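What follows is a set of notes on a single structure, which appears directly below.
The values are calculated or read from the model by the stated rules, or taken from the named source; none is laboratory data. For clarity, every value in this text was computed on a predicted model and none was experimentally measured. Cβ atoms come from the backbone with ideal geometry, glycine included; neighbour counts cover every protein chain shown. SASA here: full protein model, heavy atoms, side chains in, ligands and nucleic acids out. Shrake-Rupley method; radii C 1.70, N 1.55, O 1.52, S 1.80 Å.
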Amino acid sequence: MKQPPEQTPPPDQDDAVLSRGLRVSAIVLGVLAIIGGGIVVIARLNKPVARVQVTTLAVPQSAARTNLVIPLVPFEDITASAGIHFRQETGAYGEKLLPETMGGGVAFLDFDGDGAPDLLFVNGSYWPWKSPDSKTTPPPGVALYHNDGTGKFTDVTSGSGLEAPFYGMGVAVGDYDNDGRVDILITGVGGARLFHNLGGGRFQNVTVEAGVGGLAEDWSTSASFLDYDNDGLLDLYVANYVHWSREIDAKVGYKIDGNTRAYGPPMNFEGAFPHLYHNEGNGHFRDVSESSGVRVKNPATGVPMAKTLGLAPIDLNGDGYLDLVVANDTVQNMVFTNRHDGTFSEVGAASGLAFDNNGNARGAMGIDAVRLTGDGRRAVAIGNFANEMTAFYLEGAHPLEFTDDAIAWGVGPASRLPLKFGIFFFDYDLDGRLDLLSSNGHLEEEISRVQASQTYRQAAQLFWNAGGSSLVPVGTKESGLDLFRPIVGRGSAYADIDGDGDLDVVMAQVGGPPVLLRNNQALGHHFLRLKLRGTESNRDAIGANVALSADGETQWRQVMPTKSYLSASELTVTFGLGRQTHVEQVEITWPRGRKQVLREVKIDSTMVVDEPR
């Protein structure tokens, strides 16, 4: 489908003080420019709260109930006590290069198959032209932590084969050769790296043999293992951000005040094509990017359109094949629907997911997509730039028909000010309804100098699903100080790290340590967790859909680690049951189409379910 030209929304009146330094010529008045805005770090900088008039927006009736009681679910920072001592390296030394602002992803994965989710942190690196002496300062790299099953972690990176340092960004996990061991792909500046799990805590770099490294000039970001043709083998989608180099960054030359070098946005960088690799079944992947239809050009310039940071594989139309929702920074989002013949159609604009409700592109970062409502409608949440509300697209009466209902659901006004990165749905209080968490933080350390309403470190935001089409902001009273302590948040993920059934959270930071938060809920709510193992489908059952029925209501979950920003959550799916003690049935739709119904399930436990042959 033909796409409109790349759009660059004009800056708002509040940015006039900065426009001279940025050589921005067009100034558009009004709140609509703020909502649709999303220019450079500086031209997209946040406005004072009084200016954006957050308090004047009407609160939806569904979210304004006075009788709502938000559950008390404290999150406790256990980073140090759990044994996590990682720190993300940006390589920054004053030149203000764009990759330094982006941070890294994090993954929960069970790399040794013992049933406990382990942790992997992606790291940046030193720039090769500014590296310290390697004899005195070892190069940074990814960090792999083993979980003993109680939420205590041990650094097992040394000797794992993952030590190869490069400027990493994101992570994807999946058992691409169906040997029962999860493999790891790391994206970053200069292409991607694929590590085959050999067992025994050892990994082998097989990037060249597998054919998935991409190009030397690639800046790969989000990636996902997915079986797009349902042949039982995991294929691989690798997104790229922009065409970048140190020289290009220097020519762009953003200034925060007309004189001081600053981190900028991607508007003056060309986009970049993604890679789609088909799994040939022999440890090798075939690049089908061009023939599959996932490469979209700007019709006005002929250059690649996408500037991708977020990726969400989901079956959007219920036809049994995975589609792709791609979150792009400052250009329209894209939706690739699966045509069942190895090709995709781009229908972002037609589906309503490409732009905001005013037809503007936004600065999209992280993303998650789920079946959210009681009637099974799909929702897509996207964390956007500062002064741009979190997008909350909800499916209408027909598949591939979405409207941004962020204001109607209560997410919009509360989410406008922060700069959102990692975002995902999860049922943190186990009441059977999916809630929403975003990890936030700005790009520019000096932002408060020019924007009094803004800070570099920002608090996360948690929205409790109260039912009745409302997501209610949660505060420190209900969930404690640790969750909302301001950080420079980026990637985020969830898993049950201590085997108690509720979901714990990790949030990565730029240039700092992550935050591992244990969920200390004590509400007496029941749960059911399912670990699926494919036989005819891919071993990890990635793409499987699970529907649980209890007390006349249905919940849906998809086995899909790819979510948030550059990150991966656990493969096990969790259903909160609230006070319900009986599950009527669980229906599993395996990736290859077979349906399996379970009628005898044990609640408050984790069940391992094998696909019937």
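A straight line joining the Cα centroids of segment 90-150 and segment 409-478 runs 25 Å.
With an a/c value of 1.5 or above and a/b larger than b/c for the gyration tensor axes a ≥ b ≥ c computed over the alpha-carbon atoms, segment 321-372 is described as prolate.
Among the listed values (i) 149; (ii) 248; (iii) 140, the one computed from these coordinates for volume of the Cα convex hull per residue in Å³ is (iii). Within the same chain, aspartates and glutamates fewer than 8 places from Lys531 are excluded, and of the rest, those with a Cα less than 13 Å from its Cα are Asp110, Asp114, Asp496, Asp540, Glu570, Asp610, Glu611.
The gain in end-to-end length when the His340 to Asn357 segment is fully stretched comes to 3.1 nm, 0.36 nm per residue minus the alpha carbon separation. When nucleic acids and ligands are ignored and a 1.4 Å probe is applied, Arg592 ends up with an accessible area of around 120 Å². By its C-alpha gyration tensor, with a ≥ b ≥ c as the square roots of the eigenvalues, how is segment 343-396 shaped: rounded for a/c under 1.5, else prolate for a/b larger than b/c, else oblate? It is oblate, given that a/c is not under 1.5 and a/b is not larger than b/c. For Ser131 and Ser291, the FRET efficiency from 1/(1 + (r/R0)^6), where r spans their Cβ atoms and R0 equals 45 Å, is about 0.65.
Computed on the Cα trace of segment 176-328, the radius of gyration divided by the Kirkwood hydrodynamic radius gives Rg/Rh = 1.03. Here the chain carries DSSP beta bridges of which approximately 95% are antiparallel, counting only pairs with both residues inside.
The GluC sites (Glu not before Pro) found in segment 443-524 that occupy coil by DSSP, while having at most 15 further C-beta atoms within 10 Å, are Glu446. Projecting label points 7 angstrom from Cα along Cα→Cβ for Lys477 and Asp114 puts them 4.3 nm apart. Looking at segment 134-231, the accessible area is 35 square angstrom per residue; that uses a 1.4 Å probe and ignores ligands, DNA and RNA. Taking GluC sites (Glu not before Pro) across segment 508-613, the ones in a DSSP loop with at most 16 further Cβ atoms lying within 10 angstrom of their Cβ are Glu536, Glu584, Glu600.
For segment 313-470, carbon and sulfur atoms together expose 45% of the accessible surface, with a 1.4 angstrom probe and every protein chain in place.
Tell me, how many Å apart are the Cα centres for segment 202-275 and for segment 314-358? Cα centres, segment 202-275 to segment 314-358: 20 Å. Mean residue ellipticity at 222 nm, helices only, the chain: -1500 deg cm²/dmol; runs of at least 4 DSSP H residues each add -39,500 (n - 2.57), and the sum is divided by the number of residues. For Ile186, the accessible surface of its heavy atoms amounts to roughly 0 Å² (probe 1.4 Å, protein chains only, rounded to the nearest 10).
For segment 152-241, the list of GluC sites (Glu not before Pro) that fall in a loop by DSSP and count at most 13 other C-beta atoms within 10 angstrom reads Glu217.
Charged neighbours of Ser245, selected by a Cβ distance under 12 Å, balance to -3 (K, R count +1; D, E count -1).
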